[in-house]
1. R0 = 22 Å: FRET efficiency of residue 358 with residue 315, Cβ-based, nearest 0.05?
2. Determine the distance separating the Cα centre of region 446-477 from the Cα centre of region 264-338; give it in Å without decimals.
3. With contacts defined as alpha carbon pairs under 8 Å and 6 or more residues apart, what's the relative contact order of region 319-433 in percent?
4. Listing 385, 74, 244 from the residue with the fewest other Cβ atoms within 10 Å to the one with the most, what is the order?
5. Highest mean first, what order results for 164-170, 320-326 on Cβ atoms within 10 Å?
6. Which value in nm describes the separation of the simple spin-label points at residue 70 and residue 247, placed 7 Å from the Cα toward the beta carbon?
7. Taking every Cα atom in region 319-433, find the radius of gyration and the maximum pairwise distance Dmax, and write them in Å.
8. By average Cβ neighbour count within 10 Å, what is the ranking of 151-160, 449-458 from highest down?
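Read-outs throughout are calculated quantities, based only on the coordinates presented, and are distinct from any laboratory measurement. Note that the structure is a prediction, hence the values are computed from the model and not measured. Positions of Cβ are backbone-derived with ideal geometry, glycine not excepted, and every protein chain shown enters the neighbour counts.
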């Protein structure tokens, strides 16, 4: 049986000699453990620290056991701008990332002050936000100061990836009621007002200062938003920005992600990033005198692993085999589709486009959607005696195929008054094997039968008349 003194001795030994106990609850003094998501970290620093080790204690606790095989929530997407006009407050806003079917219980937001070079100045402040909230007001901030924010979402599965933002507070407005004592005036030689000074050195024209360290947030599974704050323009307006990136762990050249960015834009989306790879980003400002030094590189950002690949877009479309004018307002369309022409790519249905032949405007095309694997369709609500161009596509989640062949079909003439109009006809079924029966044969059969009966009645009447005349002539004779 382990005594109290033995337990105390073990704890004392761990604290002073830094020997971790080989158990899941062992502590590592004087060293922060990195979290499971190495998304954001300072250069040369440790990876993103778990919030529990930053002073939350039992608020967060150790990550809960996985309730299922579902992944942790994605990083929240911060949508608030990187700059505010308020000197001592910032309104942080975000929208939730995908929770993979497990509701988000809470968000944990940490913020601290940093200097213009990204060095830590203040300590972390941590706030827990209910999972239903999507905004938080950060108060008691210092004016004209730079702050960094880290936040994660937590569900029953565990803590997700962190999102990061750097923002700057506004300047403090001077109050007209305050009259601070004036400092004793010292006569100094006047300087030309048009000259710029930089650390006491007079510089007439120079390039812009390097922008602040950019912040990175997720846009899609393969793209991110890069956001930055410009600094002094060097006496000449900034004309453009350039964003560059480089893979983590490689010492190669920086790759231009976006060039000639408008000076009015302080954010850009960088696309086509490799899933699972880690990237760093930097920003360069330009004016008429040249380029600024590159900004401090962003914290490493790891692109999330892509979900199972979506269905490939079908390339080859269907082939229209026949079109038949069923009535003055309907056309029956039949087609064939060979899955092997698209490497057996699964499809979800077909798009049917039609417009009057005398139209040259693509916007005149109307579209019918046929779900599933049908091989015929009745196009209705057409105009009588009108010729139509008809073409098709097949589709799935990946997109649409190329267009099929174009067929032209003219609807029938409108029925004259007094003749009952033909009811719309829907084929009872269609088999692609064999020659389909003509949909207008039933109409011709009915008309032929009526005419045949009328001719037969007329012949009977003539025969009766002749026979009666002969009888009368016989009686007179």
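1. Calculated value: 0.10.
2. Comparing the Cα centres of region 446-477 and region 264-338, I get a distance of 80 Å.
3. 33 percent
4. Listed from fewest to most nearby Cβ atoms, that is 385, 74, 244.
5. 164-170, 320-326
6. Between residue 70 and residue 247, the simple spin-label model gives 3.3 nm.
7. Expressed in Å, the Cα Rg and Dmax of region 319-433 come to 15.3, 55.
8. 151-160, 449-458
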